[in-house]
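The values are calculated or read from the model by the stated rules, or taken from the named source; none is laboratory data. Given the structure is predicted, the values throughout are model-derived calculations rather than measurements. Quick reminder, even Gly has a Cβ in these numbers, built from the backbone with ideal geometry, and neighbours come from all protein chains shown. All accessible areas refer to the heavy atoms of the entire protein, side chains included, with ligands and DNA or RNA removed. Shrake-Rupley method; radii C 1.70, N 1.55, O 1.52, S 1.80 Å.
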Amino acid sequence: MMIPELAKRRKTVRKFRKEEPPIGKLLRALEAAKEAPSGMNAQPWHFVIVESIEMKNRIREICERGERKFYEKMKGKLGEWLQEKGFTWQKPFLSEAPYLVLVFTDVRAPFAVQSTWLAVGYLLLALEEEGLGTVTYTPPNPKELEELVNAPKYYKLQTILPIGYPDDEKPKYERKALKEVISFEKFEEGES
């Protein structure tokens with residue numbers, strides 16, 4: 001499939017079918033992700049694949065503990081949006097998805113975070129091509145998870161990707177029109 005078609009089709013998925021996709025689908029998507037550009041070609045990313053229910057449950061427990069605290073303090077536009085969309089501190093997708101991929105970056109590399117997120121972008125499109133869905137979930141307490149998986153000192157958790165066959169009927173959120181997100185030469189007066 002062509003990249004623009006994949007991008008238009010791809011949506012956030014938080015509900016997954018119980019059927020476990022073949023690991024080869026995930027590995028093919030990761031093969032694409034590792035081809036992303038990076039500062040000084042450092043390729044500062046590292047992907048930890050979690051399959052066991054025990055480990056997924058531990059990750060969920062750690063994340064939900066942090067989420068509870070986060071939601072208690074949440075106010076303003078973000079708090080209103082989360083409430084309007086029905087989000088809570090509970091993250092069942094962390095234990096229900098067949099796979100979790102924890103994405104780390106080696107912060108010693110130049111432009112490490114930016115480079116790692118480029119790889120995540122490649123991964124999202126590659127997963128879509130494989131018929132798999134995910135959500136980029138950023139936990140509020142990454143340090144605890146780094147310790148859980150014995151991440152080396154300079155590797156920092158960027159996101160967790162729960163991955164599986166989508167079982168989420170929610171439509172893709174509408175995107176802005178192209179004319180709303182581009183300018184030629186400079187921003188126009190009054191753009192914000």
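See the values below:
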{"read-out": "Any hit, the range 179-188, residues being modelled with pLDDT under 95, under 19 Å from the mean Cα position of the chain (by Cα) and more than 25 Å from residue 42 (Cα to Cα)", "value": "no"}
{"read-out": "Filter result (open to solvent by less than 100 Å² (accessible area, probe 1.4 Å) and over 15 Å from residue 121 (Cα atoms)) within the range 20-36", "value": "21, 22, 23, 24, 25, 27"}
{"read-out": "Residue list for the range 50-86, restricted to those being charged (D, E, K, R), open to solvent by less than 40 Å² (accessible area, probe 1.4 Å) and more than 30 Å from residue 28 (Cβ to Cβ)", "value": "64, 67"}
{"read-out": "Matching option when the condition is among the charged types (D, E, K, R) and surrounded by 20 or more Cβ atoms within 10 Å (Cβ to Cβ), among 189, 128", "value": "128"}
{"read-out": "Scope the range 3-19; condition of a type in the set (A, V, I, L, M) and either open to solvent by less than 40 Å² (accessible area, probe 1.4 Å) or assigned to a loop (DSSP other than H, G, I, E, B) (or both); matching residues", "value": "6, 13"}
{"read-out": "Residue selected from the range 165-181 under the condition open to solvent by 70 Å² or more (accessible area, probe 1.4 Å) and in a loop (DSSP other than H, G, I, E, B), by the criterion farthest from residue 127 (Cα to Cα)", "value": "176"}
{"read-out": "Among (1) open to solvent by 20 Å² or more (accessible area, probe 1.4 Å); (2) part of a helix (DSSP H, G or I); (3) not basic (Lys, Arg), the one test that residue 43 misses", "value": "(2)"}
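Conditions tested, residue by residue: (1) modelled with pLDDT of 95 or more; (2) surrounded by fewer than 18 Cβ atoms within 10 Å (Cβ to Cβ); (3) assigned to a helix (DSSP H, G or I).
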residue: 88; (1), (2), (3): no, yes, no
residue: 91; (1), (2), (3): yes, no, no
residue: 108; (1), (2), (3): yes, yes, no
residue: 147; (1), (2), (3): yes, yes, yes
residue: 151; (1), (2), (3): yes, no, no
residue: 158; (1), (2), (3): yes, no, no
residue: 163; (1), (2), (3): yes, no, no
